[in-house]
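> Once you've had a glance at the structure underneath, I'll fire off some questions.
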Amino acid sequence: MSVPGMTETTEAVARARAGDADAWGELYRDFAPAIFRFCRRALPTREDAEDATMEIFMKLRDKLSQYDETRSFSAWLYRVAANHCWDILRRRKIRQDKETEDVEDVPLEHPDPSQLDKLIEQKTSEEVRHALQKLGARARMALVLRYYSDMSYDEIADALGVRRAFVGVVLLRARHELRQALEGKSALAAGGTS
Amino acid sequence: MSEPANPVSPEGPGGTLDHLDEITCLLYAERQLDRARAQAVSAHAQDCAACRTLLKALERESRLLTRAMLEEDEPLPSRLAEFQERARKSHQWISGLIFGLAATGVYALYTNFVEPWQQRLEQAGFGGTSLLSLLVFQGAFWKGWQSVITLLEVLAMLTVAGFGLVIFRRRLRRGSALALVLAGLCAALVLPPPAGATEFRKAQTAEVKQEETIKGDIYLSGERVRVEGTVDGDVYVLGKDIDIDGHVTGDVIGGCQSMRIRGRVDGNLRSAGNTGIISGSVGKNVTWFGDSVTVDSAGKVAGTVSMFGGNLAIDGQVGRDILFFGHEVGVNGAVLGSIWERGDSLIIASTGQVGGRIQFKGEQQANVSPGAKLASPVEFTQRERRSEYSTGHYYVWRIIWTAAFILLGLVLFLLLPKFASESVAAGERVGAPIGLGVLVFFGVPIAAILACITVVGIPLGLLTLGLWFFAINCAELVVGTVVGNWIFGRTTDVWGQIGRMAAGFVIVRIVYTPIAPLHVIGALVGLGIWMWGIGAISLALYKRLQPKVTGSSMGVPVAATS
């Protein structure tokens, strides 16, 4: 898993593990912006994201000893961040509320390919970010893990506590929710069939 | 790629070519299909314009999502940018504060609590042992350690252990450390008593018959307990009516409604109960928690009598001192040592004699008959209810204790930051924690005492009582932090929380201090704070123990066909 915008700083990690405060500061400076952005995408409010970023770095101090240096630090850091954000959402029962919608076996209708293509073409990044905030916790988290953190399906399954086979379904449902949000209720997904 | 259903169905049931379903297209676009299926999808897309468009749209959607996510739309908030620097700076003065508070707290604990008790206990004939070893370590589970472990040693060990945990917690998984401590505590509690055969007898009337000789300790439990024979060891008794008519070479330790010692106990008598009558002899000391104790005219206690609660009548002889907290002491016989009483009244009859100092703090002068033989006059101190509130001494100690509590809070926040935050968050709801607090405050000690009725339940009961007592001490800290959060706003930074805890705790103390002397109102407000805090801690604990829900079931999209 490659993490955009982040530099691997193996040496700083090793020094931080040895208790070097400067190395710790280095790690924070390098990774805090990306982790904040991750939290900003995953959590409902800016304040939540700020709090979560600080908590993740405080947690990191305790967990750094568990980090396997043979693996990517940034990938591991995202795992910690994902678990933390998911815990927050789960505690707030947002997930539970939204999950009831998911659990309902409402079939997803097949989109009209040309309409979908048109919608995607029209929308800007900013509009997508705005629409993301309207999604349920799991849908948002799934999209963030996949398209921000570039996590594999296995990693997403692990982070969300779902079976690997359902990750595609979770992502598809999330996309449908996003399209509905982008369209402002008149769901494209419910639009037509080809 | 294995899907629960078969989402990839390029061919319809009748062998005709349908459109690809969306999940298949997504999995193809995301390179999650196996080679064979991917080839089937690719082949289909070449011939089907609609599916090709869908695949293109999904890929475009993926790119849009990635772009939207990765764009740096807002800078790192200044709060986060300064977080690391602030945390480092705060550590410097906090370290100094820790040492200052630690020194203050230990000094307060020692001078205000430990030292006076040690002096009193030494006066009362317990020299060489400490309060803790007296009350706890002479119990069934630690017998033999009392000369080794003193209260100060225990405090020192706890302090070192606490700071050790703080220092090494980065290297220890918090759960493991706590598990280790609890396991150690449980192991200590359940360790069998060292040496000696131990016998258990439980019956309606549990007894050691006259002709019997028990070698080793014995546990007796029943509505009526009689020891008429000889026990060459300790006797642990639990029952309604207890009669010791025989000879016990060790200690008698128990709980009862009434206990009569007509025989001979060579060791100590330590008991909690309603009535105790000593007509025989006790070779060492008597410690009694309960309503009344009488050493009748034929009775003799060679050591000290310590009593907490009710009335003490000495018609016989006490070889050393009397240490008394309760209602009334009446001396008709002889006390060869001193009397230290904090109670309502002291009566010394004409037949009474006291060989040492008599220190009495009460509401009225001691009633001493002119015929009484006293080595020195009674040193009387008038006890004025709540008078302490008007002295500067009270406020100085109040400040010292506040510092000590803040130190405790600081250690707890560092040791258990997550649980501390959860407790504070639970406390912010006010109503629920107070409701639960009432239940826990009264219910837990009752349950713990009930658990102690059985020998097996004693460790659990003691542990529960200990945790309950500790939670009560932490209650005001939780309330203080909630108040601090209300005033200064919430934060997730541990040091920020500690600052709010300290400030809030001081505010609670400042507000409560003038209310405390107001008799009923003071008590009610104090109780309210306890209930609130202990309820918040219980609520946080309850939430921790709730099983976490894991999501696994969800709908599977239906493949679209046309």
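The values are calculated or read from the model by the stated rules, or taken from the named source; none is laboratory data. Bear in mind the structure is a predicted one, so any value in this text is a computation, not a measurement. Cβ sites come from the backbone with ideal geometry, for glycine too, and all protein chains shown count toward neighbours. For accessibility, only protein heavy atoms count, side chains too; no ligands or nucleic acids. Shrake-Rupley method; radii C 1.70, N 1.55, O 1.52, S 1.80 Å.
> Could you list, in sequence order, all residues of the stretch B:330-348 that are within 14 Å of residue B:304 (Cα to Cα) and free of Cβ contacts under 8 Å to residues at least 60 places away in the same chain?
Result: B:334, B:335, B:336, B:339, B:341.
> Without any contact (Cβ under 8 Å) to a residue 40 or more places away in the chain and within 30 Å of residue A:46 (Cα to Cα): is that true of residue B:483 in this structure?
Considered against the rule, which asks whether it is without any contact (Cβ under 8 Å) to a residue 40 or more places away in the chain and within 30 Å of residue A:46 (Cα to Cα), residue B:483 comes out as yes.
> Does residue A:29 meet the test of being open to solvent by 60 Å² or more (accessible area, probe 1.4 Å), closer than 22 Å to residue A:129 by Cα, modelled with pLDDT of 80 or more and at the interface with chain B (Cβ under 9 Å from one of its Cβ atoms)?
So residue A:29 does not fit the description; no.
> Across the stretch B:314-373, what is the number of residues that are in a strand (DSSP E or B), among the charged types (D, E, K, R) and within 18 Å of residue B:277 (Cβ to Cβ)?
Going through the stretch B:314-373 one residue at a time, the tally reaches 1.
> Would you mind telling me which numbered condition in (1) assigned to a strand (DSSP E or B); (2) of a type outside the set (S, T, N, Q); (3) open to solvent by less than 30 Å² (accessible area, probe 1.4 Å) residue B:303 fails?
(1)
> With the checklist (1) in contact with an Asp or Glu (Cβ under 8 Å, 6 or more places away or on another chain); (2) of a type in the set (Phe, Trp, Tyr); (3) open to solvent by 10 Å² or more (accessible area, probe 1.4 Å) in hand, flag the one item residue A:67 doesn't pass.
(1)
> If you don't mind, there's one more thing I want to ask. Test of understanding: among A:41, A:61, A:46, which residue is over 18 Å from residue A:11 (Cα atoms) and open to solvent by 40 Å² or more (accessible area, probe 1.4 Å)?
That would be A:46, the only listed residue that is over 18 Å from residue A:11 (Cα atoms) and open to solvent by 40 Å² or more (accessible area, probe 1.4 Å).
> For the stretch A:146-156, what are the residues that are more than 10 Å from chain B (Cβ to nearest Cβ) and part of a helix (DSSP H, G or I)?
Across the stretch A:146-156, the qualifying residues are A:154, A:155, A:156.
> Just give me the residues in the stretch B:15-37 being among the hydrophobic types (A, V, I, L, M, F, W, C) and crowded, with 17+ Cβ neighbours inside 10 Å, in sequence order.
Selection gives B:20, B:23, B:25, B:26, B:27, B:29, B:33.
> Do the conditions hold for residue A:165, that is, is it open to solvent by less than 70 Å² (accessible area, probe 1.4 Å) and more than 9 Å from every other protein chain (Cβ to nearest Cβ)?
It is false that residue A:165 is open to solvent by less than 70 Å² (accessible area, probe 1.4 Å) and more than 9 Å from every other protein chain (Cβ to nearest Cβ).
> Out of the stretch B:489-533, which residues are among the aliphatic types (A, V, I, L, M), open to solvent by less than 20 Å² (accessible area, probe 1.4 Å) and closer than 13 Å to residue B:410 by Cβ?
B:498, B:501
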